[in-house]
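What follows is calculated from the coordinates using simple rules that are stated; it is not laboratory data. No experiment lies behind these values; they were computed from the predicted model shown. Don't worry about glycine lacking a Cβ; one is built from the backbone with ideal geometry, like all the others, and counts go over all protein chains shown.
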Amino acid sequence: MRNIKLTIQYDGSYFYGWQYQKNLPSVQGSIMKALEDLFLEEIKLMGAGRTDVGVHAMGQVAHFKTRKNHKLPHIVTGLNHYLPIGIQIIDAEEVGEDFHSRFSAKSKTYRYFLSRERYLHPIHKKYKGHYYGPLDVEKMREAGEFLKGTHDFTSFQTQKQPHVNPVRTLDFLEITEEEQELVFEFHGESFLHNMVRNIVGSLLEVGKGKREPKWIQEVLEKKDRKSAAPTISAAGLYLWEIHY
């Protein structure tokens, strides 16, 4: 039995998230349908993680198993032939039998792109968050320091799940300024539901001058979602890379 690892890019605005849904278009469901068309058999596809409606990916990873002998370049071109607009396979690799796209992953990188243009071009509205106005980026960076390391991130988890441990380790958080744009980069072993978007929304409150940087630490300690800022738009969020 061959174990095939796929690296995938997709435009999340076309789909109702990564996870298969019976009556709605999803990334996982679309790739499984393409696999069935290419291999002429039902194939189970496992992803490294879920993304929500409207969230994009530059380096999502998934794997599947098959006894068929299709060559790797043919798998890439064949799947891209059958896939709908909005998804493309950029690499296929044969990996060891024990490889699992989710459980073998060591960490993930997310990026959030925030436009600071006065008027966001309609083309970009599905691909960037937007805020026009003064922002104190240095204070946002100062606030971000409170989030690094291992914490209970309940305050930044949109849906509290009783069986999910809210303790996570954020290894890296960087905010870079580019022309009329801020890029937030997050690196960690795993993330809670909407954790990145909730953090970005709260850091914006600091940047706008509505809160002081230390407020972020207070939000963490309260372990209460209502204490943090609203969830920012999914449009600017990208699953950038899965690290193995």
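If you plug the beta carbon distance of LYS222 and GLN88 into 1/(1 + (r/R0)^6) with R0 = 45 Å, you get a FRET efficiency near 0.60.
Rounded to the nearest 20 debye, the dipole magnitude of the chain is 720 debye, with +1 charges on Lys and Arg beta carbons, -1 on Asp and Glu beta carbons, and the Cα centre as origin. Scanning the chain for DSSP H helices at least 15 Å long along the axis (C-alpha atoms) with a Kyte-Doolittle mean no lower than -0.5 picks out 27-39, 72-82, 195-207. With an 8 Å Cα cut-off and a minimum separation of 6 or more residues, compute the relative contact order for the chain in percent. Over the chain, the number comes to 24 percent. The HN-Hα couplings worked out from phi for the stretch 226-237 by the Karplus form 6.51 cos²θ - 1.76 cosθ + 1.60 (θ = phi - 60°) are 5, 7, 8, 6, x, 5, 7, 3, 6, 4, x, 9 Hz, whole numbers, x standing for Gly and Pro.
Restricting the stretch 139-193 to GluC sites (Glu not before Pro) that sit in a DSSP loop and have at most 14 other Cβ atoms within 10 Å of their own Cβ leaves GLU179, GLU189. Extending 7 Å from Cα along the Cβ direction at ASP171 and again at LYS44 yields two label points whose distance is 2.9 nm. With neighbour counts taken as other beta-carbon atoms within 10 Å, the residues LEU135, LEU203 rank, fewest first, as LEU135, LEU203. Among the listed values [x] 21.6, 64; [y] 19.2, 59; [z] 20.4, 62, the one matching Rg and Dmax of the Cα atoms in Å as calculated from this structure is [y]. Taking 7 Å steps out from each Cα toward its Cβ at PHE99 and ASP11 produces label points 2.9 nm apart.
Computed as a quarter of the hull surface, the mean projected area of the alpha carbon convex hull for the stretch 2-95 stands at 5.2 nm².
Listing LYS148, LYS5, LYS71 from fewest to most neighbouring C-beta atoms within 10 Å gives LYS71, LYS148, LYS5.
Would you work out the charge dipole size for the stretch 2-95 about its Cα centre, treating the Cβ of every Lys and Arg as +1 and the Cβ of every Asp and Glu as -1, and quote it to the nearest 20 debye?
Details: 10 positive and 9 negative charges, 57 e Å.
I would put it at about 280 debye.
For the stretch 1-83, the list of GluC sites (Glu not before Pro) that fall in a loop by DSSP and count at most 16 other C-beta atoms within 10 angstrom reads GLU41, GLU42.
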